[in-house]
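Trainee: Before I ask anything, let me first share the structure, which is written out below as structure tokens.
The values are calculated or read from the model by the stated rules, or taken from the named source; none is laboratory data. In this text, all values refer to a predicted model and were calculated from it rather than measured experimentally. Positions of Cβ are backbone-derived with ideal geometry, glycine not excepted, and every protein chain shown enters the neighbour counts. Surface areas here come from the heavy atoms of the whole protein model, side chains and all, with no ligands, DNA or RNA. Shrake-Rupley method; radii C 1.70, N 1.55, O 1.52, S 1.80 Å.
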Amino acid sequence: MDSYTRTLVISGAQLPTPARLLFTFGELTGEYNGVYPVIWKAVLFPPGNSPPSPPLIYNHQLAFSHPLVTNDIITDSSVFQIMSYGEKTALQKDDKGNYSFSTPVQGQPALLQALNRTGLDENLTLGFIPSPIPETAPTPTVFYDHVGDGSSLVIGPFSP
């Protein structure tokens with residue numbers, strides 16, 4: 001998968017009431033069964049003639065992560081693995097309780113795959129690296145709740 005960057009600047013004109021524009025990579029309606037879309041960015045526009053928003057920078061480089069969740073809020077990612085289509089990786093846990101992802105290996109063409117090999121049910125996210133710097137933790141866009149040990153997430157072409 002090719003990585004690319006997009007910069008968005010949004011303007012509101014003569015709004016009668018405050019407005020909030022939400023950017024997601026999935027629908028926010030319906031019932032969810034273990035898969036939850038995440039709001040990527042939110043822009044608030046006050047009433048009247050609003051100045052343009054600060055730039056929203058989107059870098060299209062996918063990554064799986066093992067999220068840290070506090071009070072139902074994703075607060076950080078403990079570990080992550082940058083992925084390309086056609087690759088698979090595995091979340092693992094060592095004897096000291098440290099998590100890591102395996103180095104990606106060849107998987108099925110046009111798919112991303114993450115296996116859970118920790119011995120426990122784990123939460124996983126799919127997200128985007130927010131900048132071209134590969135050490136930057138991904139911004140989650142989809143949250144997968146309680147992925148069973150030995151289970152595999154297989155994700156087809158994912159394009160916002």
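Trainee: State, to one decimal in nm, how far the label point of residue 78 lies from the label point of residue 105, with both points 7 Å from Cα in the Cβ direction.
Mentor: 2.3 nm
Trainee: Would you work out what percent of the accessible area of the stretch 74-136, with all protein chains in place, is carbon or sulfur (probe 1.4 Å)?
Mentor: About 50 percent, which is the carbon plus sulfur part of the accessible surface.
Trainee: Can you give the extra length, in nm with one decimal, that the chain gains between residue 11 and residue 70 once fully stretched, where that is 0.36 nm per residue apart less the Cα-Cα distance?
Mentor: Extending this stretch completely gives an extra 17.9 nm.
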